[in-house]
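Asker: Below are the structure tokens for one structure; questions will follow.
The values are calculated or read from the model by the stated rules, or taken from the named source; none is laboratory data. Computed from a prediction, not measured in an experiment: that's the story for all the values here. Heads up, the Cβs are rebuilt from the backbone with ideal geometry, glycines too, and the neighbour counts pull from every protein chain shown. Note: accessible area is taken over every heavy atom of the protein model, side chains too, but ligands, DNA and RNA are not part of it. Shrake-Rupley method; radii C 1.70, N 1.55, O 1.52, S 1.80 Å.
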Amino acid sequence: MTDNNDTFPEKQKAWLAIRRGVPSKALRLDDNVAVSSKLQEGEVLVKVQAAALNHMPHVISHDFAGTVVSSRDSKIKEGEEVFGAILAPTQHKTGQGALAQYVRVPAKFVAQRPQNITPTQAAGIPLVALTAYQVLFEIAKLEPEQSLFVNGGSTAVGLAAIQVAKALGCKVTATASGKNEELVKSLGTDVFIDYTKTPANEVLQRDPPSPKFHAILDAVGNIDLHLWTHSEAYLAPDGIFVSVGPRPSGAGDLPLLVRYAWEAFLRPTWLGGVKRKWRMVQVKENQEHLEYIAKLISEGKFKFVVDSVYEFDDVPKAFEHLMTRRARGKVVIKVDPNVA
């Protein structure tokens with residue numbers, strides 16, 4: 001266990017969310033942020049090499065890759081290359097985001113980075129990989145040879161879920177736009193549906209799978225509920241529908257959100273509610289889950305798509321690109337300009 005202040009400075013640069021609004025006005029780069037170096041037992045201090053963007057919460061960015069510069073943990077040592085995530089509950093408690101030169105986290109939040117991927121590739125993996133793992137194994141209890149439907153196969157979560165399911169030996173059906181068909185199929189999708197031509201629920205109602213899906217993952221956060229309300233036609237009676245949660249685009253979506261809550265949470269089956277289980281995923285930091293993903297990466301069974309890489313000073317520009325919702329894969333920030 002080490003706690004050596006000679007390996008890191010007292011101050012650092014970090015991006016802070018100072019108000020709501022567009023990134024150019026909401027974000028500020030502060031070069032006088034204290035490095036939180038007084039580690040508790042079981043914590044590590046990581047020098048961040050790269051971080052990946054997420055749609056703007058109050059504290060910005062969850063995912064990171066870097067080098068451990070100080071450790072008070074028996075498993076993660078100083079000098080190890082790691083990747084990990086600081087999820088929302090921890091961020092709200094500590095005020096830390098990943099868009100900083102240093103992060104102090106419990107060692108259980110990180111795992112060793114596989115050496116066959118670079119820091120910029122690794123930075124985009126933790127949150128979506130944890131989401132995919134926890135949806136498929138902990139919520140859906142997916143088993144080999146069962147079938148999974150992914151709504152939003154070209155989203156970051158969708159791409160991760162496809163690969164985790166295929167590594168398990170499952171059949172995968174996924175939706176995406178036609179321009180992303182090749183990408184989605186290249187990662188293992190067995191059946192592809194172009195949602196821009198026909199809504200997925202209509203395709204599945206017309207030609208339901210046999211046997212029906214064991215699990216459906218809505219990786220889009222779609223507030224159009226047709227996929228759920230018609231799911232008895234293509235989701236097995238003991239199957240489960242899992243959503244990353246509704247993602248409204250503005251105040252005009254409020255009526256849809258009210259209906260979403262009614263259909264997904266409140267409407268009983270005796271009033272016409274869907275006779276299937278529905279869950280919304282709440283991701284948690286978990287070292288064992290990250291280690292499982294790291295093993296798949298090392299074995300060449302999990303690849304990740306980086307949409308674009310921006311310099312640390314260009315974070316507002318990177319967020320503007322992310323908010324166009326045209327990114328295919330993760331938008332990554334090089335915190336250390338010298339890493340690949």
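Asker: Could you point to the residue in V82, V128, A51 farthest towards the positive end of region 12-159's charge dipole, with +1 and -1 charges on the Cβ of Lys/Arg and Asp/Glu respectively?
Answerer: Sorting the options by dipole projection puts first A51.
Asker: Only four residue types carry charge here, +1 at the Cβ of Lys and Arg and -1 at the Cβ of Asp and Glu. Report the dipole size of the chain about the Cα centre in Debye, rounded to the nearest 20.
Answerer: 660
Asker: I've got another one for you. Once neighbouring chains are kept in place and the probe is 1.4 Å, which whole percent of the accessible area of the chain is contributed by carbon and sulfur?
Answerer: The computed percentage sits at 49.
Asker: Under the rule that an exposed site lies in a DSSP loop and has at most 13 other Cβ atoms within 10 Å, name the longest stretch of the chain with no GluC sites (Glu not before Pro) of that kind, not counting the sites themselves.
Answerer: Excluding the exposed sites themselves, the longest stretch runs over 146-298.
Asker: Let me ask you something else. Applying the Karplus parametrisation 6.51 cos²θ - 1.76 cosθ + 1.60 with θ = phi - 60° to the phi angles of region 286-293, what ³J(HN,Hα) value in whole Hz is obtained for each residue in order, glycine and proline being reported as x?
Answerer: 7, 5, 4, 5, 5, 5, 4, 5
Asker: Compute the distribution of all C-alpha to C-alpha distances in region 1-137, in bins of 5 Å from 0, and list the percent of pairs in each, rounded to whole numbers.
Answerer: 2, 11, 20, 23, 21, 14, 6, 3, 0
Asker: Moving on. How much length is gained on full extension from E202 to Q115, taking 0.36 nm per residue of separation minus their Cα-Cα distance?
Answerer: Full-extension gain reported as 26.9 nm.
Asker: Ignoring everything but the protein chains, give the 1.4 Å probe accessible area of I18 in square angstrom, nearest 10.
Answerer: The accessible area of I18 comes to roughly 70 Å².
Asker: So what's the gap between the Cα centers of region 172-197 and region 320-340, to the nearest angstrom?
Answerer: So the separation of the two Cα centres works out to 23 Å.
Asker: State, to one decimal in nm², a quarter of the convex hull surface area for the C-alpha atoms of the chain, i.e. the direction-averaged projected area.
Answerer: Quarter of the Cα hull surface area: 17.4 nm².
Asker: Taking the alpha-carbon distance from K197 and a cut-off under 17 Å, which lysines remain once sequence neighbours fewer than 8 residues away in the same chain are dropped?
Answerer: K179
Asker: Could I ask something else about it? Between the helical axis of 156-168 and the dominant principal axis of the chain, each derived from Cα atoms, what acute angle in degrees is found, rounded to the nearest 10?
Answerer: Roughly 80 degrees between the two axes.
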